Structures are given as C-alpha cells and as structure tokens.
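Some notes on the structure that comes next.
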Amino acid sequence: MSLIQCPYCQSTHVKQTDSSHANANYFEQLQRCISPTQMALFGMQLAKKAGFPPFTGAAIGVVVGGVLVIVSQYCYEKYYSNAKQYICQDCHQHFAWAQS
Ligand SMILES: [Zn+2]
C-alpha cells in the first residue's frame, strides 16, 4: 500500500481535489511573476545597458515574457498530465502527485 504524503509537512491527511482549480492557481501565480509590465521594465533596463532605445527593449521584454509563459504552460501540462491534484488537510497546501 502506498501512502500519499504532503511534500510540505509530511502529513498523510490529504484529499484529492479538482485539478482545474489547482491549475488556475498555478497560472495565476506564474502570470504574477512574469507580468508584461515587469518584462517591459526588465527589457528597458537591458536596452539601456545595450544602448538600444528603451521602447525597443520594452517590446522585446513583453515578447520574451509571453514566450516564457507559453513554454512553462507546455512543460507544466506535459509533466502533470498523469498527476492528480491533492490538498493537504493539515497545512492546506496544494500539490500534484504523479501516479506510476
Ligand atoms: Zn501538509
């Protein structure tokens, strides 16, 4: 018998959840990390160092940020296609557990 443990607190009090909710949560966090505004600012800083006009840098930053989101979305779906989503009933963290 294999027990599923919470990766955060090692508790075995876990419950399977609706996977769509956990996915939405993940992408919300991701898009907060790689927001177009932040990527534009990052691109402008790089452009300043490289001697490009800031507008060009901002445009490049937004494009690169968009590509990063798409690539990570693809990797996430590939990696978690066989995984089930769980929530820990002790520390309330969401996590994915891949069934072998
Ligand atoms: Zn836990």
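For this structure, a couple of remarks:
- Phi angles across the range 7-15 convert, under the Karplus curve 6.51 cos²θ - 1.76 cosθ + 1.60 with θ = phi - 60°, into 3J(HN,Hα) values of x, 8, 10, 6, 6, 9, 7, 10, 10 Hz, Gly and Pro given as x.
- Taking amide H as placed 1.01 Å from N in the peptide plane, the amide H of Thr17 sits under 5 Å from that of Gln85, Tyr86, Ile87, each at least 5 places away or on another chain.
- Each of Phe52, Phe42 was scored by other Cβ atoms within 10 Å of its Cβ. Arranged with the fewest first, they read Phe52, Phe42.
Readers should treat all values here as calculations from the given coordinates under stated rules, not as data from a laboratory. Worth saying up front: this structure is predicted, and the values here are computed from it rather than measured. All Cβ positions, glycine included, derive from the backbone under ideal geometry; neighbour counts span all protein chains shown.
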